[in-house]
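In what follows, a structure is listed as structure tokens, so that the remarks can point back to it.
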């Protein structure tokens, strides 16, 4: 029994060794062997019961070997097709696409870069160029619209020049109001108990934006207007600060007299100082070449506008009637004692005369004779009735004709005439000394303005 089992196991082992050896040493078969090794088309017959166990094992081994040969044939067929492709077969579609190589080949063909469609994208470059030109056009259009907006919002040069021409009148009124406030503060009925109201003081302030307008100027010119605009803005800002400081100081009852003197001195000097400092700005805005005597013309125009402002206000009924007030005649008596104007009554430091000299010297260190002496017909209308008054009777008739007084109030005119006689007599002259006429008109206007200055009691 044991001998029989041992012999059967030995036979199986030897058969397996033979099969493995034959497969390893003989990977390829001849055509005859392949034919012989192919399985029969007829199905394998079931092993008969007569076969021994060893015969059944051999039959199974033959079946396994047939299957191995069939797989080997498939591999060789695929290898042959690959060799044909490598040899130059161009029609890759003829390959059997059901195997793994066909799928890889498709992926390779679909992902291979092309010089025209990938490396050199012509349509992409054209699109980029169009986008670049669109961006440039958009930027140019934006700049043009911005410039158009600035040009439409900024003021014309003529408007700025007109504003500068009106400044002498404006600053002259500031000077008149300052003199009136000092007169009433120092010589009023309640001297030491009241002070000029903050409203009157701060009305002197002149905002830079009201004088220097947003304009377009030529920056290529040697005399750049923007520089003068900046300087004028700073001067106006400083003037406003001085007005505010003086307003705060005068409201303090215990303030030192020297401090008030300095504050009032600044306010008396700055109006004519600012008028002269507008000339450079005005000059830089002129598009045409200026004449050699343009400085003389600027100064004459400024003085003429101040004198014209005086006569314009004087002929208004409300203003002239103020001269008949008792307080006004008292101030006139103080300002013009013995027929001469004495500005030191409210200008201890001589700041007004110093500012007049500064204005006139714009024409040069040696003041031009055309500026130093004014021809009357160049600054006012010769037909003005006030120029023909020679005595008290003519003055009374003048007041009645202008409806400054009513019939029966002639004594009022007679009483006022002595106070105005020095001024009226000076107007008869065909030519005026600039300093003298400015002192006269300033004295008359300051006396009138005292009636409009409000005073506030100290707490």
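The values are calculated or read from the model by the stated rules, or taken from the named source; none is laboratory data. All figures in this text were calculated on a predicted structure; none of them were measured in a lab. Cβ sites come from the backbone with ideal geometry, for glycine too, and all protein chains shown count toward neighbours.
Conditions tested, residue by residue: (1) closer than 18 Å to residue 305 by Cα; (2) at pLDDT 90 or above; (3) touching a strand residue (DSSP E or B) at 6+ places or on another chain (Cβ under 8 Å).
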| residue | (1), (2), (3) |
| --- | --- |
| 350 | no, yes, no |
| 384 | yes, no, no |
| 408 | no, no, no |
| 437 | yes, yes, yes |
| 441 | yes, yes, no |
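Take the residues in segment 224-265 that are in contact (Cβ under 8 Å) with a residue 60 or more places away in the chain and not in a loop (DSSP other than H, G, I, E, B), then tell me which one is farthest from residue 206 (Cα to Cα).
Residue satisfying both the conditions and the ranking: 261.
Each row is one residue, and each column tells you yes or no for (1) loosely packed, with under 15 Cβ neighbours inside 10 Å; (2) in contact with a helix residue (DSSP H, G or I) (Cβ under 8 Å, 6 or more places away or on another chain); (3) in a loop (DSSP other than H, G, I, E, B).
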residue: 360; (1), (2), (3): no, yes, no
residue: 365; (1), (2), (3): yes, no, yes
residue: 377; (1), (2), (3): yes, no, no
residue: 386; (1), (2), (3): no, yes, no
residue: 396; (1), (2), (3): no, yes, no
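Consider only pairs whose beta carbons are under 8 Å apart and that are at least six residues apart or on different chains; among these, list those whose first residue lies in segment 416-429 and is under 15 Å from residue 375 (Cβ atoms) and whose second residue is part of a helix (DSSP H, G or I).
Here the result reads 426/436; 426/437; 426/440; 427/376; 427/386; 427/387; 428/387; 429/376, each pair linking segment 416-429 to a residue that is part of a helix (DSSP H, G or I).
Identify all residues within segment 191-204 that are surrounded by 17 or more Cβ atoms within 10 Å (Cβ to Cβ) and assigned to a loop (DSSP other than H, G, I, E, B); write none if there are none.
197, 204
Just a yes or no: is a residue in segment 326-347 more than 36 Å from the chain's Cα centre (by Cα), at pLDDT 90 or above, closer than 25 Å to residue 206 by Cβ and in a helix (DSSP H, G or I)?
yes
Could you please give the count of residues in segment 205-217 that are part of a loop (DSSP other than H, G, I, E, B) and either closer than 25 Å to residue 326 by Cβ or out of contact with any helix residue (DSSP H, G or I) (no Cβ under 6 Å at 6 or more places or on another chain) (or both)?
Residues meeting the conditions: 3.
Given the criterion touching a helix residue (DSSP H, G or I) at 6+ places or on another chain (Cβ under 7 Å), crowded, with 21+ Cβ neighbours inside 10 Å and within 30 Å of residue 147 (Cα to Cα), identify the matching residue among 246, 225, 302.
Of 246, 225, 302, the one residue that is touching a helix residue (DSSP H, G or I) at 6+ places or on another chain (Cβ under 7 Å), crowded, with 21+ Cβ neighbours inside 10 Å and within 30 Å of residue 147 (Cα to Cα) is 225.
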